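Asks: Below you'll find the structure I mean.
The values are calculated or read from the model by the stated rules, or taken from the named source; none is laboratory data. All values reported here derive from a predicted model rather than from experimental measurement. Backbone-built Cβ (ideal geometry, glycine too); neighbour counts: all protein chains shown.
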């Protein structure tokens, strides 16, 4: 799509560093240069002000990636694109059927009300919860990775959504600071969205998180 739009050598394309490498890889494949902008700490999508800060004379496009069921601020990004003559592209999560979304929302609501010691996702009526991502606070107590290992030892499947932000990888290294991106890579954890009907699984998840989460609270 980038090549079809005439984007190539000499152009820059603004993308998030928090996410998969395929978006930045597509920019490189088109002959352009990926430029990384910071994310909003609640949606994990591109922050519009951060995009504006890295926009320059060679910027040709922005790729807005929707993350974990939250939408990027398209109206802001498209407004910025219109003012500067930039192409704005989207990459969406695979949301699934409406019934699947409704079930994920019920499970997320259950977890929102019961989890302690971790930061639950910011509530949003349009959130589709393709992943249920929490923040594990770091305050000198067990860190996110230790927390994840302890959860798995208790039979709770969990995963780190982004191990290393792209601007810190060998392939896409940039000498820039993206504080929200780096913080999210350090402390986010994706928990399983167990259907509400499976009460035993939900109870195990909540009990394990809350038992461990208590260790993360300030003394």
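Asks: Tally up the residues in region 183-194 that are out of contact with any helix residue (DSSP H, G or I) (no Cβ under 6 Å at 6 or more places or on another chain) and either over 19 Å from residue 118 (Cβ atoms) or assigned to a loop (DSSP other than H, G, I, E, B) (or both), please.
Replies: Number of matching residues: 1.
Asks: What do you reckon, is residue 169 touching a helix residue (DSSP H, G or I) at 6+ places or on another chain (Cβ under 8 Å) and under 18 Å from residue 70 (Cβ atoms)?
Replies: Criteria not met by residue 169.
Asks: For residue 122, only one of the following conditions fails: (1) outside any loop (DSSP other than H, G, I, E, B); (2) out of contact with any helix residue (DSSP H, G or I) (no Cβ under 9 Å at 6 or more places or on another chain); (3) in contact (Cβ under 8 Å) with a residue 60 or more places away in the chain. What is its number?
Replies: (1)
Asks: Suppose we filter 176, 156, 162, 133 for residues that are touching a strand residue (DSSP E or B) at 6+ places or on another chain (Cβ under 6 Å) and either in a loop (DSSP other than H, G, I, E, B) or surrounded by 17 or more Cβ atoms within 10 Å (Cβ to Cβ) (or both); which single one remains?
Replies: Answer to the selection: 133.
Asks: Quick check: anything in region 150-160 closer than 30 Å to residue 37 by Cα, out of contact with any helix residue (DSSP H, G or I) (no Cβ under 9 Å at 6 or more places or on another chain) and free of Cβ contacts under 8 Å to residues at least 40 places away in the same chain?
Replies: There is no residue in region 150-160 that is closer than 30 Å to residue 37 by Cα, out of contact with any helix residue (DSSP H, G or I) (no Cβ under 9 Å at 6 or more places or on another chain) and free of Cβ contacts under 8 Å to residues at least 40 places away in the same chain.
Asks: Hey, among 202, 215, 115, 191, which residue is over 19 Å from residue 46 (Cβ atoms), in contact with a strand residue (DSSP E or B) (Cβ under 6 Å, 6 or more places away or on another chain) and either surrounded by fewer than 20 Cβ atoms within 10 Å (Cβ to Cβ) or modelled with pLDDT of 90 or more (or both)?
Replies: From the options 202, 215, 115, 191, the qualifying one is 191.
Yes/no matrix, rows are residues, columns are (1) touching a helix residue (DSSP H, G or I) at 6+ places or on another chain (Cβ under 8 Å); (2) more than 15 Å from residue 16 (Cβ to Cβ); (3) outside any strand (DSSP E or B); (4) at pLDDT 95 or above:
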site: 43; (1), (2), (3), (4): no, no, yes, yes
site: 60; (1), (2), (3), (4): no, yes, no, yes
site: 72; (1), (2), (3), (4): no, no, yes, yes
site: 79; (1), (2), (3), (4): no, yes, yes, yes
site: 82; (1), (2), (3), (4): no, yes, yes, yes
site: 106; (1), (2), (3), (4): no, yes, yes, no
